[in-house]
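Accompanying notes for the structure given below.
The values are calculated or read from the model by the stated rules, or taken from the named source; none is laboratory data. Note that the structure is predicted; figures quoted are calculated from it, not measured. Here the Cβ positions follow ideal geometry from the backbone for every residue, glycine too, while neighbour counts run over all protein chains shown. Accessible surface is based on the protein model in full, side chains and every heavy atom, while ligands, DNA and RNA are left aside. Shrake-Rupley method; radii C 1.70, N 1.55, O 1.52, S 1.80 Å.
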Amino acid sequence: PGSRPDSPTATYAARRLDVDTRRWAGVPFYLRTGKRLGKRVTEIAVQFKRAPHLPFETTATRELGANAVVIRVQPDEGVTLRFGAKVPGTAMEVRDVSMDFSYGSSFTESSPEAYERLILDVLLGDPPLFPTTKEVELSWEILDPIEEFWSTLGQPAPYRAGTWGPKEADDMLARDGHHWRKP
């Protein structure tokens, strides 16, 4: 409410990045960010490829998801490790399970608010949490071509508030045989 329907302000971005090194060749990095999505969350999810040969028959592993490590930055700071595990018993059944670590439930001390640590570092003159000039320049090398494209060839696809973004972002991952993880 109150936003101009013709506003050119972009509030969602999804991008595939590839790192041009031998170690990361062929490993896609998918990034997305937006305002008023389905949930306010910041996380990093590392999804592992399926092993080329599973030692179980396909009926036992058909419904397995991908193994993943999820680092939750906010609001519920912690780490989740998701993997397939054999269900106890004589039947051969493998099911997705999660191991969770949460700062909130593991410690009685509360962690500082998002900007408390940053403000303290400013006061102390401690720069590790601040981007270097080189980092800022590299981020603009990524963003400038997007801005240029939008200014000459079109605007970002619209999406409805409360959703996880436009259909085009889903299509981008589907072309690579993937889908976005729902936090």
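Taking each DSSP H run with n ≥ 4 as -39500 (n - 2.57) and averaging over every residue of the chain yields -7500 deg cm²/dmol at 222 nm.
Given (i) 7, 23, 32, 25, 10, 3, 0; (ii) 9, 26, 23, 18, 13, 7, 3, 0; (iii) 9, 35, 36, 17, 3, 0 as candidate values of P(r) over Cα pairs in 10 Å bins from 0, in percent, which corresponds to the one derived from the coordinates? Only one listed value fits the structure, namely (i). Derived scalar couplings between HN and Hα for the stretch 168-182 equal 4, 5, 5, 4, 4, 6, 4, 4, 9, x, 10, 9, 5, 7, 8 Hz in order, rounded to whole Hz, by the Karplus curve 6.51 cos²θ - 1.76 cosθ + 1.60 (θ = phi - 60°), x for Gly and Pro.
Once both labels are positioned 7 Å from their Cα atoms along Cα-to-Cβ, the gap between Val97 and Val136 label points is 4.9 nm. For the stretch 43-111, the fraction of 1.4 Å probe accessible surface lying on carbon and sulfur atoms is 58 percent. Label positions at Tyr115 and Arg181, each projected 7 Å from the Cα along the C-beta direction, are separated by 2.9 nm. Using 0.36 nm per residue and subtracting the Cα-Cα separation, the extra length available between Arg160 and Leu143 on full extension is 3.8 nm.
At full extension, Thr108 and Val87 could sit 4.2 nm farther apart than now, given 0.36 nm per residue minus the alpha carbon distance.
Classify the stretch 99-183 as rounded, prolate or oblate, taking a ≥ b ≥ c as the square roots of the eigenvalues of its Cα gyration tensor: rounded when a/c is under 1.5, otherwise prolate if a/b is larger than b/c and oblate if not.
oblate
Anisotropy class assigned to the stretch 43-111 is oblate, per the alpha carbon gyration tensor with a/c at or over the 1.5 cut-off and a/b no larger than b/c.
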